[in-house]
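*Asks:* Quick one: the structure is below, questions incoming.
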Amino acid sequence: MDKKLAKFILPFVNDPIAMNELNAYVEYRVELHRDNLEHNVTPDESRGALRELRRFKNLRDEVHGVLK
């Protein structure tokens, strides 16, 4: 993530309500991908999708790390 993007989303990641809602959505999507993995999606597709969703859970830390 570059510094410009980090500054742009800083208000969002500092809002505990917004981050809680994002994390709830991420958990929902993770469960969908787990179900897909069990049924018909290739493991590589699911791993990539799950990895990307989990990054959202650390978004606040990533933004603050870039801006230090």
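The values are calculated or read from the model by the stated rules, or taken from the named source; none is laboratory data. The model shown is predicted, which means the values in this text are computed figures rather than measured ones. Ideal geometry is used to build each Cβ from the backbone, glycine not excepted, and the neighbour counts take in all protein chains shown. Areas reflect the complete protein model, heavy atoms only, side chains present, ligands, DNA and RNA absent. Shrake-Rupley method; radii C 1.70, N 1.55, O 1.52, S 1.80 Å.
*Asks:* Please give the helices (runs of 4 or more DSSP H) falling wholly within the chain in which 2 or more residues are surrounded by fewer than 15 Cβ atoms within 10 Å (Cβ to Cβ) and aromatic (F, W, Y).
*Replies:* 3-13, 16-39
*Asks:* Cβ-Cβ below 7 Å, separation at least six or inter-chain, first residue in the stretch 1-21 and farther than 17 Å from N58 by Cβ, second open to solvent by less than 70 Å² (accessible area, probe 1.4 Å): which pairs?
*Replies:* If the second residue must be open to solvent by less than 70 Å² (accessible area, probe 1.4 Å), the pairs left are K3/V66; K3/L67; K7/L67.
*Asks:* Scan the stretch 7-56 for residues that are within 29 Å of L67 (Cβ to Cβ) and among the polar types (S, T, N, Q) and jot them down.
*Replies:* N14, N20, N23
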